[in-house]
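J.: Quick one: this structure, given as structure tokens, is what I'll be asking you about.
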Amino acid sequence: MSLCRRLALTSVFIALVSSPTISHAKGQKAPTAAEQEKIVATVGTIFTSALTDDFAKFDSVIAPGFYIYDGGARFNGDSILNFIKAQHAAGKRYEWNITEPDVHIDGNTAWMAYVNKGKITDASGTVDQRWLESAVLQKQKGEWKIVFMHSTRVPPAAAPKS
């Protein structure tokens, strides 16, 4: 092997070994299933609190500065719960279920992508609904808090053409 090629390979090796991403990953333990379940449960608390318009419970799992993008708008904690509360007053009921959670933890930061499978019920009936959602969490004083969420409604499948 030529000297030039050896120097190039050595340079690449040193760059990889000293890369912050690679070095950080080497020293990290894989997240435990229990820790991943805590993330899912924390996000689930958002839904259980919203079902009953429980502002205190909702606030217990969000970080200061929390916000969510939903329906093409940005909401903070109070504004999203007030919106849902108004929907409840108008006769709408929701069912939300976290499925297919994909949880990633890096120190005190975590993110989760999932499919929210549920239903929306109003005077006209019940419609099955799916949303593609994600959440970013931060561990604060030993507890996971949600910093940011994003929700995209999956449009109903188009009727087959005849």
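The values are calculated or read from the model by the stated rules, or taken from the named source; none is laboratory data. Note that the coordinates shown come from a computational prediction; the quantities given were computed from them, not determined experimentally. Backbone-built Cβ (ideal geometry, glycine too); neighbour counts: all protein chains shown. Heads up: the accessible areas ignore ligands, DNA and RNA and are worked out on the full protein's heavy atoms, side chains in. Shrake-Rupley method; radii C 1.70, N 1.55, O 1.52, S 1.80 Å.
J.: Write out, first by first residue and then by second, each pair whose Cβ atoms fall under 9 Å of each other, whose residues are 6+ apart or on separate chains, and whose first residue, in the stretch 106-120, is more than 16 Å from residue 135 (Cβ to Cβ) while the second is open to solvent by less than 20 Å² (accessible area, probe 1.4 Å) and charged (D, E, K, R).
T.: none
J.: For the stretch 59-162, give me every one of the strands (runs of 3 or more DSSP E) that falls completely inside it and has 2 or more residues that are open to solvent by less than 40 Å² (accessible area, probe 1.4 Å) and under 30 Å from residue 31 (Cα atoms).
T.: The qualifying strands (runs of 3 or more DSSP E) are 62-70, 98-106, 109-122, 125-140, 143-154.
J.: Any chance you could count how many residues in the stretch 42-58 are over 13 Å from residue 77 (Cα atoms), open to solvent by 60 Å² or more (accessible area, probe 1.4 Å) and not in a loop (DSSP other than H, G, I, E, B)?
T.: Selection size over the stretch 42-58: 2.
J.: Count, please, the residues in the stretch 105-162 that happen to be among the polar types (S, T, N, Q) and modelled with pLDDT under 95.
T.: 1
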